[in-house]
Each structure stands twice: as C-alpha cells, then as structure tokens.
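The values are calculated or read from the model by the stated rules, or taken from the named source; none is laboratory data. Model, not experiment: these values are computed from the prediction. Cβ coordinates were reconstructed from backbone atoms using ideal geometry, including for glycine residues, and neighbour counts include every protein chain displayed. Heavy atoms of the whole protein, side chains included, go into the accessibility calculation; ligands, DNA and RNA do not. Shrake-Rupley method; radii C 1.70, N 1.55, O 1.52, S 1.80 Å.
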Amino acid sequence: MEQVRQNEKSGGRRLRPGGRPRRTRTARLLAAGLAAAALLSGCALGQESGSDGPVEAGRQGPAPETRVERLAKKRAAVAAATRKWGLAQIPLAAPAPPEVKPVLSTRDGFEVEGQENLPHVFTTVPVKERVVFLTIDDGAEKDPEFLRMMKELDIPYSAFLSDYLVSEDYGYFRAMRKQGAALHNHTLDHPYLPGLSYEEQRHQICGMQDVVEKQYGKRPRLFRPPYGNYNQDTLKAAKSCGIEAVPLWNAEAFADRVDYREWDRDLHPGDIVLTHFRGAGEWGGSMVDMVRQAMEVITSKGYAVARLEDYI
C-alpha cells in the first residue's frame, strides 16, 4: 500500500479516496469558529435548547415567583405544620419589622441608682402592634422535636443560655442558631447575682459572652439575670461586658398554663414571654407541649410572635 508523506507533491496533504484532500488544521479551526459563531447568533435570537428541544425565538421560561406567591406558599406550609403538631389555630404572621426600633426605657420600680447610664431593664417592648416575644432560658432540655417544630411552624424565639447546661451539647444550640434563633447571655453558672461581688458578677457575665462568641461566632447584646434578680453591680458589670439591654418578662409559659405578671392576667402589645428548656421530668410535659400551650393562648388573644432582636 502506498504511504503518503507530508513532504510529497500533494503539498503535505493526505489524499482521501476519490482524490479529495483532507482539510488542514487551519481549515478545521476555521470551520469550528464559524459553527460557534452561528450558535452564538442563534442564542442572541432567543434560541434555547434543552430536554424538550429548541425553543422558539422570543419565548421565555417560567416567570419568577412573586412575593405574594412566596408568602402564600409559606402560609400553606405553616398551616400543614399546624395540623402536624396539633395546634388549635394557625399562628398569626408577625408584621414587617419596624424601620426604626422603639426607644427603650427601664420599667418603673425596676431602676437602680445611676440607671440612666446603665442598660435598660424592661418587661415589655413599647409597640402598638399586637405582637409578643418568645424567650427561652438556660438550656437544660435539648429536645430535637422542639427544633423541628419551631422550624416548621416558623415561630421566632430568643434563647438566653447558661454554659453549665449548654456545654453538655454545644451542637444542639448551634443547630438552633442555624435555624434563625438568636442566642443571648444568662451567665455561666446561673447564680443569684446580687449575692456576688462586682468582680464575681462580671466573671459570670463576661465569661458567658466569651463562650457564646467562641461557640457561635457573635457576642450577645442582651442579658437576662438568673431568676430576674440583679443590683447596680449587675448592670454595671453587664455594661462593661458589652450588654446593651436587659429584657425580663411579663408572662411565663409552661406545658399546661401561662402565668402573668400584671394584675389583669392578660397579654399586652410588646410583652416578653418567658419559658424554659424543660421536659416531662419537671413539667409533666415536653417542650412541644409548652409551645402548643403558649401558642394557643397567644394566637387566641390575637397576637403574633415577632423576633425580639428586630425591635431592640
């Protein structure tokens, strides 16, 4: 069989059967370039390809989901979760956060000497909207069903944590934070703070600031003293540790009831609702039972749960 070499008379091109010359590399590149240009031109004219074949020029894909459609889908999911978790009513949706946060002040009778230069202590956020704020203290019970429930119901809440309990499972509260809950300071060991010196109180508060920052990446702005007890040294120490406000509570939720601070035994706009990380061993019910009880009261009275950090 005759062997064709590139330096023969054919000009270096190998001949195909029938005498047609093979295209040179340059010609092949030129053809590929023309094909690519044609493809790009087709895309510019609105031609698309996919599993269903080319799409005619000018034809567009599905319209993006509108805000109204997203909200409707979200409410449908909450309605399904309401049935799943056995709530009596669908939780009301909170209004949009205020553009300007309310001006805080210390509740009458809760002041200490020099209060004007210290973090405010309050039980209610000054708002007109029918919203309340759910807060949960300490970290003793670590119920995975509670996390699932709150995520599916889309109920905001804030956790005030103590390290002697949280340290048993930092990961549980990391998952909580990932779901959107804010994590705040409830001291290292949950002591009765007025019985401690200034330096001892500062250790309890600043030490917990360090723990939360190390474990969860952010130092808290809010602090709740154990049992709601504090003195001037408490607030001075808290301020020195970077605390901006001290929210207490105006109602407390349990697995079987809700208790109130006020004489009228009712909720009010801006009330802070306290509960604890507790289970059947202490409550005779679970965290899930507590949420059902709290939401039955809150919703039946026409209130929505809003995110505390959006207001303070």
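Among the residues of the stretch 104-130, those identified as more than 23 Å from D259 (Cβ to Cβ) and open to solvent by 70 Å² or more (accessible area, probe 1.4 Å) are S105, E111, E113, E116, N117, K128, E129.
The condition of being of a type outside the set (V, I, T) and under 23 Å from the mean Cα position of the chain (by Cα) holds for only one of D266, D271, that being D271. Part of a loop (DSSP other than H, G, I, E, B) and more than 21 Å from E309 (Cβ to Cβ): is that true of E65 in this structure? Against the criterion (part of a loop (DSSP other than H, G, I, E, B) and more than 21 Å from E309 (Cβ to Cβ)), E65 qualifies.
Among the residues of this structure, L183 counts as one that is closer than 16 Å to I243 by Cβ, modelled with pLDDT of 95 or more and part of a strand (DSSP E or B).
Kindly establish whether H190 is in contact (Cβ under 8 Å) with a residue 40 or more places away in the chain and open to solvent by less than 20 Å² (accessible area, probe 1.4 Å). No: the conditions fail for H190. Scan the stretch 70-103 for residues that are under 30 Å from A245 (Cβ atoms), among the hydrophobic types (A, V, I, L, M, F, W, C) and either surrounded by 11 or more Cβ atoms within 10 Å (Cβ to Cβ) or touching a residue at least 40 places away in the same chain (Cβ under 8 Å) (or both) and the total you get is 4. Among the residues making up the stretch 155-167, those that are closer than 18 Å to M287 by Cα and either in a strand (DSSP E or B) or open to solvent by 40 Å² or more (accessible area, probe 1.4 Å) (or both) are S158, A159, F160, L161. Could you give me the residue pairs with C-beta distances under 8 Å whose first residue belongs to the stretch 146-165 and is of a type in the set (S, T, N, Q), whose second residue is part of a helix (DSSP H, G or I) wherever it lies, and which are 6+ apart or on separate chains? Note: pairs meeting the criteria are S158/L308; S158/E309; S162/M208; S162/P226.
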